[in-house]
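Below: one structure, written as C-alpha cells.
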C-alpha cells in the first residue's frame, strides 16, 4: 500500500519499498526452508499474500501489468492444483523496469 502512495510522490522511495517487499518475501522463504517449516498451508498463505501484494502494487499500472497479474493468478491456481510452483516474477520485472527505464528514455 505504501508503494502506491509513494509512487506519485517519489519514484526512489517507491523503488526502495518494492525492493524491501521482494527482499522480505525471499527471506521468508529462505527461513522456512532453513528451519524446515514448510507446509501446504504456509505455501498457500505465501501464494495468497504474494498475489495480494501484487494486486495492490499493480492497481495503479493497468497496462500491461493487469494482464500479467491475471495470468499470474491463473498460474497460482494451477500451482496449487498441480502442486508445482509456477509463477511470473512480476515484482522482479517491475524492479528491473525501474532500474532500466531511466536509460531507455531518449
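Values quoted throughout were computed directly from the atomic coordinates according to the rules given, and no laboratory measurement underlies them. Every value quoted in this text rests on a predicted model; they were computed, and no experiment measured them. Here the Cβ positions follow ideal geometry from the backbone for every residue, glycine too, while neighbour counts run over all protein chains shown.
Suppose the filter is under 12 Å from the mean Cα position of the chain (by Cα) and either surrounded by 12 or more Cβ atoms within 10 Å (Cβ to Cβ) or under 22 Å from residue 29 (Cβ atoms) (or both); does residue 79 pass it?
Numbers: under 12 Å from the mean Cα position of the chain (by Cα): no; either surrounded by 12 or more Cβ atoms within 10 Å (Cβ to Cβ) or under 22 Å from residue 29 (Cβ atoms) (or both): yes.
No: the conditions fail for residue 79.
Going by what's in this entry, would residue 74 be described as free of Cβ contacts under 8 Å to residues at least 60 places away in the same chain and closer than 23 Å to residue 19 by Cβ? When the stated conditions are applied, residue 74 does not pass them.
Here's the yes/no breakdown for (1) touching a residue at least 40 places away in the same chain (Cβ under 8 Å); (2) within 13 Å of residue 90 (Cα to Cα); (3) touching a helix residue (DSSP H, G or I) at 6+ places or on another chain (Cβ under 6 Å):
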{"site": "32", "(1), (2), (3)": "no, no, no"}
{"site": "37", "(1), (2), (3)": "no, no, no"}
{"site": "42", "(1), (2), (3)": "no, no, no"}
{"site": "45", "(1), (2), (3)": "no, no, no"}
{"site": "57", "(1), (2), (3)": "yes, yes, yes"}
{"site": "65", "(1), (2), (3)": "no, yes, yes"}
{"site": "69", "(1), (2), (3)": "no, yes, yes"}
